[in-house]
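What follows is calculated from the coordinates using simple rules that are stated; it is not laboratory data. Computed from a predicted model, the values in this text were never measured in an experiment. Note: ideal-geometry Cβ built from the backbone for every residue, glycine included; neighbour counts use all protein chains shown.
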Amino acid sequence: MIDQVQFILYCKDQKRSRDFYCEILAKEPILDVPGMTEFLLTENTKLGLMPESGIAKILNNKTPHPSLGSCIPRCELYLITDDLEIIFGRAIDAGAIIISKIALRDWGDTVGYLMDFDGNIIALAQKTIK
């Protein structure tokens with residue numbers, strides 16, 4: 001049985017990414033040590049930030065170095081909120097790049113797409129059909 005889910009994004013600059021996600025999530029990390037930053041998103045869900053150099057040591061040359069994929073979309077972080085426009089604005093103020101403006105999508109959610117400094121796609125969504 002899986003009790004908790006943790007998504008880990010690889011980042012070039014842990015401090016810069018930490019500050020960026022502090023702004024978007026409007027919360028401080030629950031762990032912030034060299035090599036890992038963690039945010040508690042829900043009771044059983046965490047978002048982690050790990051420097052590319054740290055994961056490269058673990059991968060031990062069995063895959064290409066994560067920095068080779070920098071600014072190439074490697075994942076999509078889909079965050080559902082009731083404060084879509086506020087959080088979208090905070091993300092832009094924190095330096096996010098707009099990929100697609102907030103719009104009603106075919107699947108029924110209202111979503112805006114952004115990109116962080118490392119190329120990770122952040123979808124900020126609001127449930128339109130409940």
### Message
For a quick check of your reading of the model, give me the residue pairs whose first member lies in the range 7-26 and is under 13 Å from M50 (Cβ atoms), whose second is of a type in the set (G, A, S) and part of a helix (DSSP H, G or I), with beta-carbon atoms closer than 8 Å and at least 6 apart or on different chains.
### Response
L9/S17; C11/S17; K12/S67
### Message
I need the full set of residues from the range 26-51 which are more than 18 Å from I121 (Cα to Cα) and touching a Ser or Thr at 6+ places or on another chain (Cβ under 8 Å), in order please.
### Response
P29, L31, T37
### Query
Looking at the range 113-130, which of its residues are more than 12 Å from I102 (Cβ to Cβ), without any contact (Cβ under 8 Å) to a residue 60 or more places away in the chain and in contact with a strand residue (DSSP E or B) (Cβ under 9 Å, 6 or more places away or on another chain)?
M115, I121, K127, I129
### All positions within the range 29-43 that are surrounded by 12 or more Cβ atoms within 10 Å (Cβ to Cβ), of a type outside the set (A, V, I, L, M, F, W, C) and over 24 Å from I80 (Cβ atoms)
D32, G35
